[in-house]
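> Once you've had a glance at the structure underneath, I'll fire off some questions.
The values are calculated or read from the model by the stated rules, or taken from the named source; none is laboratory data. Everything numeric in this text was worked out from a predicted model, so none of it was measured. Don't worry about glycine lacking a Cβ; one is built from the backbone with ideal geometry, like all the others, and counts go over all protein chains shown. What goes into the accessible areas is simple: the full protein's heavy atoms, side chains included, and nothing from ligands, DNA or RNA. Shrake-Rupley method; radii C 1.70, N 1.55, O 1.52, S 1.80 Å.
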Amino acid sequence: MASPDRRAFLKTLAAASVATAASSRRVLGANDRVRVGFIGIGLIGKRHLLDFQAQSDCEIAGISEVSDERMDDGVTAAGNSPARFPDFRKMLEQPDIDAIVVSTPDHWHALMTILACAAGKDVYVEKPLTHVHREGEWMLDAATTHKRIVQVGTQQRSGRHYQRARTLIRDGQIGDVRGASIGAFRNITPGFTTPVGSPLSPAQWDMWLGPAPKVPFDPARSLYHFRWFNDYSGGQTTNLLAHEIDIVQWVTGEIPARVAAFAQRRSLTGYGETPDVLDAIFEYPTFLASWSSREVAAGGKGGLEIYGTKGTLSINRRGFEITPDKALTPESQIPRFTQPQAEEGLVTYRTEAVRDEGYDQVRDQFQPHVRNFLDAIKSRQPPASDLASAHQTSLACHLANIAARVGRVVRWDAAANAIAGDPEANALLTKTYRAPWDRELASVVKVSRA
């Protein structure tokens, strides 16, 4: 039986679900201050608090954290004594809070966004959008039903040089896109063995777990290191690939049709269970993309490169460069071993070289993304990183992890919204929340397990 507090919260959500957008929250004008509550003040959560604080029309109205240390840190950084909410649901009940920023472990992103939408709040939610694919459908249901603005934390979309690169590619500057490669490499052997910050207490553990399966209290699983456990995250594939594959799909407008992936965990003996090496290939309708993640060998060129029939675009948060291909004839590129290589004369190129650099991720991506969200709240126009396209970005990441887990190619059937002909892989698109969070989810959206 639900507790009195839970019944009260569900009653609040039920009331919000039948309210109109105008009656569920105050209508903000262009000059109004937006009152924002923050759930999670970890590494990226603290960054977001500072970036929202830097906006003149934003007020830090509340902070929710299970970590006492991080709660104190957030309140101190805010500087205006915002209200403290050990239980985020109490924050959602505040009628004078306009928007919520969700910077929690991945397994909380969907449910907190859904409950915030039902409570009449707009949401800025960190990537990866979801822990499993079906959660994105539930989020879209809640955001659409309650007419909420949801901005996803793929901040590169708000970067001017990313926007310029997208325009150049779409205008044919590098020709027809036929490939993309993404890599992230470092060496952390033998793995993490020390908790980050002050560990949670056993009393805070149940709230930290939330909808995830119940396991005994384990400080190694929580702050920061949650990323290396399958119950809470998808490792570096959802953590890092999400940013770059988002740009690939934003530029091309395509989603993968087939994905193959292989993964191993052989060298890391510290916290976690996610792979220390993973390689994936994505087949899109008109090009191929690859993702390579290594946690145990730092060599190699990381980042994002997009390959076209005229040249290559390399891009990161500091800038981009287009390297043109030489306009060589096919015949001149045949290897010759018994006579001199044919001379092409004056070298020409298939496109123009372009370099655009000098950017900073906080100044030129993080803060403009926050600004875009606040402007979207007031205009009620879609934000830069909309929920529907972020759902497709997460799909690519999930398919790579699923392919690695089942050990075979998975084929995405977009019409059926399912992995074709593979019940085992298809089952990994969804999950069941732990009680009572399963009931709170079901109080807002219709949960499909198919």
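> Please go through region 292-321 and pick out each residue that is charged (D, E, K, R), within 19 Å of residue 171 (Cβ to Cβ) and assigned to a loop (DSSP other than H, G, I, E, B).
Taking region 292-321 and keeping what is charged (D, E, K, R), we get 294-295, 301, 305, 310, 317-318, 321.
Restricting the remaining residues to those that are within 19 Å of residue 171 (Cβ to Cβ) gives 305, 310, 321.
Result: 310, single match.
> Looking at 143, 180, which one is assigned to a strand (DSSP E or B) and touching a residue at least 60 places away in the same chain (Cβ under 8 Å)?
180
> Answer yes or no: is there a residue in region 135-146 that is β-branched (Val, Ile, Thr) and open to solvent by 20 Å² or more (accessible area, probe 1.4 Å).
Yes, region 135-146 has at least one match.
> Still on this structure, please answer the following. List every residue pair whose Cβ atoms sit under 7 Å apart, with the two residues 6 or more apart in sequence or on different chains, where the first one lies in region 348-364 and is among the aromatic types (Phe, Trp, Tyr) and the second, anywhere, is open to solvent by 70 Å² or more (accessible area, probe 1.4 Å).
Listed by first residue and then by second, the contacts come to 349/326; 359/318.
> Can you tell me which residues in region 248-287 are under 24 Å from residue 385 (Cα atoms), outside any strand (DSSP E or B) and not hydroxyl-bearing (Ser, Thr, Tyr)?
Result: 248, 249, 250, 251, 253, 254, 255, 256, 257, 285, 287.
> Out of all the residues in region 305-321, is one or more of a type in the set (Phe, Trp, Tyr) and in contact with a helix residue (DSSP H, G or I) (Cβ under 8 Å, 6 or more places away or on another chain)?
Step one: of region 305-321, the residues of a type in the set (Phe, Trp, Tyr) are 307, 320.
Next, only the ones that are in contact with a helix residue (DSSP H, G or I) (Cβ under 8 Å, 6 or more places away or on another chain) stay: 320.
The answer is yes; a qualifying residue exists.
> Restricting attention to region 82-105, and to residues there that are part of a helix (DSSP H, G or I) and more than 21 Å from residue 52 (Cα to Cα), which single residue is most open to solvent (accessible area, probe 1.4 Å)?
90
> Just give me the residues in region 68-81 being assigned to a helix (DSSP H, G or I) and farther than 21 Å from residue 109 by Cβ, in sequence order.
Once the filter is applied, which keeps residues that are assigned to a helix (DSSP H, G or I) and farther than 21 Å from residue 109 by Cβ, region 68-81 yields 68, 69, 72, 73, 75, 76, 77, 78.
> Looking at region 345-357 only, could you name the residues that are surrounded by fewer than 11 Cβ atoms within 10 Å (Cβ to Cβ) and in contact with a helix residue (DSSP H, G or I) (Cβ under 9 Å, 6 or more places away or on another chain)?
Within region 345-357, just 357 meets the criteria.
> Could you check region 299-340 and list, in sequence order, the residues that are farther than 25 Å from residue 357 by Cβ and among the small types (Gly, Ala, Ser)?
Listed by number, the residues that qualify are 327, 332.
To keep it simple, each residue is scored yes or no on (1) over 19 Å from residue 227 (Cβ atoms); (2) in contact (Cβ under 8 Å) with a residue 24 or more places away in the chain; (3) buried (at least 16 other Cβ atoms within 10 Å of the Cβ).
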| residue | (1), (2), (3) |
| --- | --- |
| 250 | yes, yes, yes |
| 265 | no, no, yes |
| 270 | no, yes, no |
| 275 | no, yes, yes |
| 289 | yes, yes, yes |
| 300 | yes, yes, no |
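> Inspect all residues belonging to region 23-37 and state whether any of them is open to solvent by 50 Å² or more (accessible area, probe 1.4 Å), farther than 18 Å from residue 97 by Cα and modelled with pLDDT under 95.
Among the residues of region 23-37, not one is open to solvent by 50 Å² or more (accessible area, probe 1.4 Å), farther than 18 Å from residue 97 by Cα and modelled with pLDDT under 95, which makes the answer no.
> For residue 438, all conditions in the list (1) farther than 21 Å from residue 146 by Cβ; (2) surrounded by fewer than 18 Cβ atoms within 10 Å (Cβ to Cβ) hold save one; what is the number of the exception?
It fails just one condition, (1).
> Mind listing just one residue for me: the one in region 203-235 that is outside any helix (DSSP H, G or I) and touching a Pro at 6+ places or on another chain (Cβ under 6 Å) and, of those, farthest from residue 430 (Cα to Cα)? First the steps, then the outcome.
First, pick out the residues of region 203-235 that are outside any helix (DSSP H, G or I): 210-218, 222-224, 229-234.
Add one more test, that the residue is touching a Pro at 6+ places or on another chain (Cβ under 6 Å), and what stays is 217, 231-232.
Details: 217: 25, 231: 12, 232: 13 Å.
Out of the qualifying residues, it is 217.
Here's the yes/no breakdown for (1) open to solvent by 10 Å² or more (accessible area, probe 1.4 Å); (2) over 22 Å from residue 241 (Cα atoms):
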site: 369; (1), (2): no, no
site: 377; (1), (2): no, yes
site: 386; (1), (2): yes, no
site: 389; (1), (2): yes, no
site: 399; (1), (2): no, no
site: 404; (1), (2): yes, no
site: 409; (1), (2): yes, no
site: 416; (1), (2): yes, yes
site: 420; (1), (2): yes, yes
